[in-house]
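> Got a structure here, written out as structure tokens. Questions coming.
The values are calculated or read from the model by the stated rules, or taken from the named source; none is laboratory data. Source: prediction; values computed, not measured. Cβ placement follows ideal geometry from the backbone for every residue including glycine, while neighbour counts extend to all protein chains displayed.
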Amino acid sequence: MKYPTAFTLVELLVVLTIIAVLCGLTMGAAAVMMESGRKTKARGVVDKVRAAIETYSIGPDRLLPVTSTLAVRLWDSDDGGAGGRGDGFLDGEPGKDPGFTGGRTAALNAVGYRGFLLCTGFAVSPSEIDRVTGRLRDPWGNPLRIGYRTAAPGPFAGMLFGVWSCGKDGQTATANNYESDFTNSARNDDVKSW
């Protein structure tokens with residue numbers, strides 16, 4: 001008696017189940033690896049932005065002397081925040097960035113200020129720039145943030161400024177006040193320069 005050489009239904013179902021389980025495990029690992037890649041990319045961009053700001057501040061071609069009132073907050077020069085203190089985002093192009101008003105834009109244009117990317121010559125791919133505002137974006141599509149130390153010791157570990165990406169959730173550390181946001185690590189997915 002000759003037996004058929006085809007697979008049985010049970011054998012096919014077992015093989016399909018094994019394949020489905022392996023695909024599920026692979027998808028989970030791929031998602032973790034992609035998020036890890038985004039964090040690594042954000043760390044690189046944040047570190048390069050910090051270095052570009054430090055290099056610009058000592059370079060011969062800077063627009064304003066470091067002691068100038070305007071240069072103190074040069075990379076957050078728009079008047080989108082309280083009291084004209086900036087909106088906390090790394091500046092885009094003054095003509096595009098919604099934080100700038102007409103008077104502030106004219107004053108900055110008069111000294112040649114064109115936003116962080118154009119002034120420093122910071123090289124990025126076009127996909128990392130918000131087309132509407134001209135701001136540099138992190139891998140999650142959120143604009144990079146910048147802050148300046150207002151009191152000692154401040155959140156920036158002895159530095160005069162800090163640059164950061166708000167991470168996947170798009171929010172700075174916690175909903176608490178600015179100074180304590182960076183010390184509370186309960187929900188902190190930020191990528192910081194300090």
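> Considering each residue of the stretch 92-107, count those that are surrounded by fewer than 13 Cβ atoms within 10 Å (Cβ to Cβ) and part of a helix (DSSP H, G or I), and give that number.
Residues that pass the stated criteria total 3.
> State all residues of the stretch 102-132 that are touching a Phe, Trp or Tyr at 6+ places or on another chain (Cβ under 8 Å) and in contact (Cβ under 8 Å) with a residue 40 or more places away in the chain; if no residue qualifies, say none.
The answer is F116, C119, T120, F122.
> When you check T5 against the structure, is it of a type in the set (V, I, T), loosely packed, with under 11 Cβ neighbours inside 10 Å and modelled with pLDDT of 90 or more, yes or no?
no
> A follow-up question, please. Looking at the stretch 104-120, which of its residues are of a type in the set (S, T, N, Q) and over 22 Å from the mean Cα position of the chain (by Cα)?
Within the stretch 104-120, T105, N109 meet the criteria.
> Kindly evaluate T133 against the criterion of being in a helix (DSSP H, G or I), β-branched (V, I, T) and farther than 16 Å from G44 by Cα.
Criteria not met by T133.
> Another question, then. When you look at N142, is it at pLDDT below 85 and on the phi < 0 side of the Ramachandran plot, yes or no?
no
> Go through the stretch 33-82 and give me each residue that's at pLDDT below 60, assigned to a helix (DSSP H, G or I) and either touching a helix residue (DSSP H, G or I) at 6+ places or on another chain (Cβ under 9 Å) or not aliphatic (A, V, I, L, M) (or both).
T69, L70, A71
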